[in-house]
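Data first, discussion second: the structure below is written as structure tokens.
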Amino acid sequence: MTRSTIASFRAVSKHYGSHCALRDFNLELREGELLTLLGPSGCGKTTVLRLLAGLEIPDSGEIFLDGRTLAGVPPEARNVNTVFQSYALFPHLSVAENVAFGLRMKKLGSAEIRARTAEALRMVRLDGLGGHRPLQLSGGQQQRVALARALVNRPRVLLLDECLSALDYQLRREMQLELKGLQRQTGITFVFVTHDREEALSMSDRIAVMRTGRIEQLGPPRDIYERPANLFVAQFAGESNVLEATVTAITAPDSLIVELAGTPLTVRTDRRFRVGARLVLVLRPEDLHVHDDAAAEGGLAGHVLERTYRGVTLDTVIALDAGPRIKTSEFFREDTPALDHPPGQRVRVSWTPGWEIVLPHEPET
Amino acid sequence: MSQRPEILKTVTVGLLAGWLLSFVLAPTLLVVGLSLLSRSPAGFAGGPVTLDNYRRLADPIYLHVFAESFATAFIATLLCLLLGYPFAYGLARARPGLRPLLLTLVIVPFWTSSLVRIYAIRGLLAAKGALNNLLLAAGLIDQPVRLLYTQTAEIVGLVHVLLPFMILPLYASLEKLDPRLLEAARDLGAGPFRRFRHVVLPLTLPGVVAGCLLVFLPALGLFYVGDVLGGSRHLLVGNLLKDQFLEAQDWPFGAAASLVLIGLLLAFLALYAYAAKRIAPDDG
Amino acid sequence: MKNTARFEPGKGIAAAIPPGRLYGVLIYAFLYLPMAVLILGSFNASKYGIGWQGFTLDWYESLANDAEILTAARNSLAVAALSASLATVVGTLGAVGLHRYRFRGRKFLMGLLFVTLMSPDIVMAVSLLVLFIGLHLELGLFTLWLAHTGFCLPFVTLTVHARLQGFDNALVEAARDLGAGEWTAIRRVVLPLALPAIAAGWLMSFTLSLDDAVVSFFVTGPDFEVLPLRIYSMVRLGVKPEVNALASLLFAVSLSFVVLAQWLLHKDRH
């Protein structure tokens with residue numbers, strides 16, 4: 001299903017002094033999706049929100065909302081609302097007055113304001129707390145007020161700026177589910193900014209992974225995780241073992257034989273490589289299996305350095321004979337009692353053929 | 001209706017900037033200019049540009065006034081510092097519940113008329129005043145001692161009026177002092193004296209400089225202290241300025257004398273900036 | 001800091017008070033005793049303040065019948081109200097500007113405010129006199145108004161600015177985001193938040209203006225006398241018990257205003 005475009009960035013650039021926050025940035029937002037901007041701090045993801053909200057003005061390029069340019073449109077005239085990282089709740093107003101602020105600005109009738117405020121508070125499960133001051137509430141409740149204050153205006157796009165980062169882990173997981181639910185329920189387009197990959201993977205319809213003012217890859221979570229466009233995306237999207245190898249033969253259009261420090265391996269990829277080209281293999285720790293040396297063939301040989309019990313998984317660090325160290329993360333299963341490999345033990349590491357990620361070698365930056 | 005931020009920016013910033021430029025910067029520059037002219041019978045100043053007024057400041061009569069006034073102000077400042085520092089330290093370590101009250105008790109004199117309080121001191125020190133009566137009643141003296149119209153009276157008056165101006169900046173810097181720093185110093189083997197010398201003093205130096213500035217300069221300028229407590233015998237720089245501007249009508253010379261105060265002010269502020277920068281180099 | 005000195009019979013009461021606390025009490029006594037004696041004297045029937053000769057309100061009564069003092073009082077109140085109001089308007093707007101906008105010369109402006117705050121009264125008095133004479137302004141109400149506004153301005157600006165610094169910068173952005181224009185955002189969010197500081201600034205300015213003697217002495221003319229100057233000339237002419245009464249009144253007004261201002265500034269601190 002393709003959905004129509006609701007907002008777009010066309011060749012937008014933004015500098016702060018000499019620092020370039022966005023360069024030649026392009027993005028199409030689709031009606032009703034939850035799009036996450038994922039990236040390290042300073043990558044420009046918050047700038048994208050601020051530009052769309054009108055809190056910053058682009059140096060060049062144009063932004064469109066519902067097909068109309070936003071150039072010269074002040075923030076108050078844009079049908080877009082923000083949930084700020086710090087929540088920015090007005091401390092001198094009650095919770096209900098905070099939520100009603102935007103409706104007041106639109107000069108709606110008091111009956112309608114009251115009804116919609118109550119409905120918004122009910123939606124975020126804060127009914128009954130309307131008379132409190134924001135500072136009397138817990139962090140999670142404040143977060144919900146901020147959400148209600150923005151949603152009550154029924155914006156075309158809701159912008160959420162790292163708004164879960166101040167909450168503790170447990171609460172955060174709950175709010176992720178709740179946000180996703182609200183998004184489905186209201187059908188409003190959400191643009192969510194975070195540097196937390198788990199949050200991004202679990203909530204989004206699409207993820208834009210950003211680095212230094214550009215989008216490195218844009219796609220559904222599964223593509224980002226399983227088919228990253230480059231090493232940066234691969235590493236930012238999940239824990240990765242990165243191994244360098246050289247192509248020795250091409251056996252089929254999608255199959256190569258590579259040499260990894262003396263060990264030949266068969267790998268699958270859609271990318272084209274020449275014989276002799278260098279490439280990198282990215283292996284996710286949870287895709288790897290560890291076998292006792294004698295009982296296994298194929299894969300990579302090495303010995304166990306460390307193992308860490310993690311409850312759900314058992315993590316093992318293995319020094320490969322080829323040199324590099326890799327990390328594995330295995331789930332406990334009843335049918336694999338011999339998961340525990342003591343340090344020093346010789347082992348082999350293998351994975352399901354085709355689950356390796358093959359990327360061109362990138363010169364160090 | 002569109003509300004352009006530029007207009008508000010121009011109004012808010014422009015009003016403040018306009019005021020400060022017109023009523024602080026411009027008059028100060030006028031005084032600088034005036035000090036380079038000479039007295040003119042026609043208007044209040046005229047004639048060729050000259051440094052005569054500054055040369056006249058070195059005249060023994062005026063030099064004497066400056067020296068005496070500086071000595072008085074210096075002693076008053078030193079007393080304020082010595083009395084105020086332990087007091088501010090105690091205030092910063094007082095029970096949190098009690099602190100607002102104790103602090104307000106220091107702030108109140110800060111904001112009440114110093115003229116009224118000087119007058120109150122005069123009442124205490126007068127020949128037939130409360131202090132003499134008390135001493136007589138206690139049998140410590142058989143006849144009233146002369147307390148009024150002495151340099152001591154001036155100093156007592158100045159310390160009384162200006163002590164809060166010393167205590168408040170000291171308190172501000174002492175309150176910010178993290179007690180864990182003292183614990184760390186102690187842990188590293190510093191005794192009480194060295195903790196004060198190497199930790200407390202350097203960190204509160206901006207407060208010390210600000211306090212001295214707020215005491216020393218007014219101590220030179222509070223002309224009614226000279227009049228009410230010092231009699232005509234002990235003049236302050238303030239009395240000199242008052243006489244030149246309002247009685248002798250020698251404005252250029254008065255302007256030169258007031259520039260001495262402005263110079264001192266700038267020197268103190270530079271010292272303050274230096275002391276503050278040493279603590280927080282990036283604090284803009 | 002725990003001092004467990006206890007009262008021990010035979011060692012005197014002074015021994016029971018920890019030395020630190022005793023020192024504090026002495027300093028407070030030094031700060032307040034002169035005013036206390038003066039206020040007491042204003043109710044003393046003795047004309048020369050020698051010994052207590054009974055309670056009287058005579059001196060307050062004769063104040064109320066002194067036409068010159070009443071005029072000076074009216075003048076003082078007018079100047080204080082006008083100056084405090086103008087300083088509050090300019091200072092509040094200035095503080096909002098300094099808080100909300102970044103512009104060239106912002107640091108210079110802050111520096112100028114700071115210098116004005118720190119400069120001794122007499123320096124300001126002299127330069128303003130020079131300015132007013134240079135502009136051929138007649139010395140009186142108008143020049144007093146300008147001058148008093150001048151020395152109150154940094155107090156208001158810095159008090160309001162400090163208050164605004166305590167709030168999240170995103171609040172104004174949130175208001176704009178929710179549909180408020182720049183002015184509406186300032187009116188609905190910034191000003192209500194700053195209100196206690198604005199009120200405190202007005203009260204402190206009023207007090208400063210009411211109590212000022214140095215600047216007023218230089219910038220007013222012979223036809224417009226204010227209370228501190230009236231006190232000054234009464235003091236120079238010799239002790240009159242009415243001065244005690246007047247000084248006590250002035251002190252009482254300042255005291256109540258300052259306490260109120262302090263309360264406003266600190267009431268929502270926990």
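None of the figures in this text is laboratory data; all of them are computed from the coordinates on show. Please read all numbers here as calculations on a predicted model, not as lab measurements. In this analysis, Cβ positions are derived from the backbone assuming ideal geometry, glycine residues included, and neighbour counts consider all displayed protein chains.
A few notes on this one:
- Hull-based mean projected area of region A:183-308, where the convex hull spans the alpha carbons, in square nanometres: 11.4
- Shielding score for A:85-95, defined as the mean number of other chain Cβ atoms within 10 Å: 5
- Relative to its residue count, region C:179-270 spans a Cα convex hull of 131 Å³ per residue.
- In terms of packing, defined here as the mean over residues of other Cβ atoms within 10 angstrom, the peptides B:248-259, C:254-265 line up highest first as B:248-259, C:254-265.
- Protection proxy ranking of B:110-118, B:32-40 - average other beta-carbon atoms within 10 Å, highest first: B:110-118, B:32-40
- Relative to the compact-globule estimate of 2.2 N^0.38 Å, the Cα radius of gyration of region A:121-245 comes out at 1.23.
- Calculated mean residue ellipticity, 222 nm, chain C: -23500 deg cm²/dmol, from DSSP H runs (n ≥ 4) at -39500 (n - 2.57) each, averaged per residue and rounded to 500.
- With only the Cα atoms considered, chain B has a convex hull volume of 245 Å³ per residue.
- One quarter of the surface of the convex hull around the alpha-carbon atoms of region C:103-207 equals 8.6 nm², the direction-averaged projected area.
- Short-range pairs are left out: with C-alpha atoms under 8 Å and at least six residues apart, the relative contact order of chain A is 15 percent.
- On the beta carbon distance between A:Val73 and C:Trp183, with R0 = 22 Å, the FRET formula returns roughly 0.80.
- Quotient of Cα Rg and 2.2 N^0.38 Å for region C:76-149, N being how many residues it contains: 1.26
- Its relative contact order, with pairs defined as Cα atoms under 8 Å and 6+ residues apart, puts chain B at 26 percent.
- Trypsin sites (Lys or Arg not before Pro) lying in DSSP loop within region A:63-124, provided at most 13 other Cβ fall within 10 Å: A:Lys106, A:Lys107
- Chain A: angle of helix A:169-186 to the longest principal axis, Cα-based, in degrees nearest 10: 60
- Taking Cα centre as origin and charging only the Cβ of basic (Lys, Arg, +1) and acidic (Asp, Glu, -1) residues, the dipole magnitude of region C:60-266 rounds to 820 debye.
- Furthest towards positive pole of dipole, A:Gln143, C:Ser248, C:Leu135, structure part the protein assembly as shown, Cβ charges: C:Ser248
- Bins of 10 Å from zero: percent of alpha-carbon pairs in region B:1-128: 9, 15, 21, 25, 20, 8, 1, 0
- Kirkwood Rh, Cα atoms: Rg over Rh of chain C: 1.07
- What the Cα convex hull of region A:239-360 gives, in volume per residue, is 105 Å³.
- Note on region B:77-174: Kirkwood radius taken over Cα pairs, Stokes-Einstein applied at 10 °C and 1.306 mPa s, translational D equal to 106 µm² s⁻¹.
- FRET efficiency estimate (nearest 0.05) - Cβ-Cβ, B:Ala184 to C:Met110, R0 45 angstrom: 0.85
- All other residues whose Cβ lies under 11 angstrom from that of C:Ala180 are scored, Lys and Arg at +1 and Asp and Glu at -1, for a net of +1.
- Estimated Rh, region B:177-284: Kirkwood, alpha-carbon pairs, angstrom: 16.8
- Histogrammed with a bin width of 5 Å, the alpha carbon distances of region A:142-190 distribute as 5, 20, 34, 27, 11, 4 percent, first bin at zero.
- The relative contact order of region B:151-258, computed from alpha carbon pairs under 8 Å that lie at least 6 residues apart in sequence, is 29 percent.
- Filter on A:Lys180/A:Lys327; B:Lys9/C:Lys107; A:Lys14/A:Lys107; A:Lys45/B:Lys277; B:Lys242/B:Lys277; A:Lys14/A:Lys106 - keep pairs with C-alpha separation over 25 Å: A:Lys180/A:Lys327; A:Lys14/A:Lys107; A:Lys45/B:Lys277; B:Lys242/B:Lys277; A:Lys14/A:Lys106
- For chain A, the Kirkwood radius over C-alpha pairs fed into Stokes-Einstein at 4 °C and 1.567 mPa s yields D = 56 µm² per second.
- Ranked list, fewest to most other Cβ atoms within 10 Å of each Cβ, for B:Lys128, A:Lys327: B:Lys128, A:Lys327
- The mean number of Cβ atoms from other chains found within 10 Å of a Cβ in peptide C:180-189 is 6, as a whole number.
- Charges were assigned to the Cβ only: +1 to each Lys and Arg, -1 to each Asp and Glu. The resulting dipole of the protein assembly as shown about its Cα centre is roughly 1020 debye.
- In angstrom, the C-alpha Rg and Dmax of the protein assembly as shown are 37.5, 122.
- Using alpha-carbon coordinates, inclination of helix C:227-237 to the longest axis of chain C, degrees: 30
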